[in-house]
Amino acid sequence: MSTTPTPHEPAGDAEAVARLALSAGWTVGAAESLTSGAVSSVLGAAPHASDWYRGAVVAYSKEVKFHLLGVRRGPVVTSTAAVSMARGARRELGADIAVATTGAGGPDPEDGQPPGTVWLAVAWPGGVDAEELHVEGDPEQVVTAATARAVALLREVLEDPVRARGASGRP
């Protein structure tokens, strides 16, 4: 569990994602709920995005998460939902690696979780990572922090050869 991340500009992380994805020959995708396409916007603006970025599924509605991304019916502000979303984005977009965001942006709780609760996940051939954030602030601040952390998490996985290669031995 993490607390509010220190805000920073995600463009630098997106440039690193571009460089790492290109050098590995990987494609990248996203599944977004809470961030409503903000992660896609950052990744799509990175260098040579047309060569490595497959796109995003913006699944704001629970029904879209259930039917398109394979999230099990039930609460969606969970680690399990974030992992399913990331795996579903890989499958639906044909991406090697995908990041997902879900959460309670506020101002009201969602699925019994307080505003500012965010779940992120990254799925790739060798595995999956998920993490929880707690962001203080209004909905815009929650989305901004979640977007920055999602792109940073994607970069971290791509930078870690052990995680990125996984059992397949392939980046």
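Is the C-alpha gyration tensor of the chain telling us rounded, prolate or oblate? Criteria: a/c under 1.5 is rounded; beyond that, a/b larger than b/c is prolate, otherwise oblate.
Prolate is the answer for the chain, as a/c is 1.5 or above and a/b outweighs b/c.
Please identify the chymotrypsin sites (Phe, Trp or Tyr not before Pro) of the range 33-140 that satisfy two criteria: DSSP loop assignment and at most 16 other Cβ atoms within 10 Å. Which are they?
Those satisfying the criteria are 60.
Expressed as a whole number of Å, what is the distance separating the alpha-carbon centroids of the range 32-72 and the range 89-166?
11 Å
If you restrict to DSSP beta bridges whose two residues both lie in the chain, what percentage is antiparallel, to the nearest 5?
60 percent
Under the rule of at least 5 residues apart or a separate chain, name every residue whose amide H is placed under 5 Å from the amide H of residue 31.
57, 99, 100, 101
Give the order of 129, 13, 108 when sorted by the count of other beta carbons within 10 angstrom, beginning with the fewest.
Ascending Cβ contact count within 10 Å gives the list 108, 129, 13.
I'd like the GluC sites (Glu not before Pro) in the range 60-165 restricted to DSSP loop residues with at most 14 other Cβ atoms within 10 Å, sorted by number.
Here the GluC sites (Glu not before Pro) that fit, given the DSSP loop and packing criteria, are 136.
For a distance above 19 Å, tell me the whole-number percent of Cα pairs in the range 3-83 that qualify.
46 percent
Could you work out the longest stretch of the chain that avoids the trypsin sites (Lys or Arg not before Pro) located in DSSP loops with at most 12 other Cβ atoms within 10 Å?
Longest stretch, sites excluded: 74-171.
FYI, it's all coordinate maths here, none of it is from the lab. Predicted model only: the values in this text are computed from it and were never measured. Positions of Cβ are backbone-derived with ideal geometry, glycine not excepted, and every protein chain shown enters the neighbour counts.
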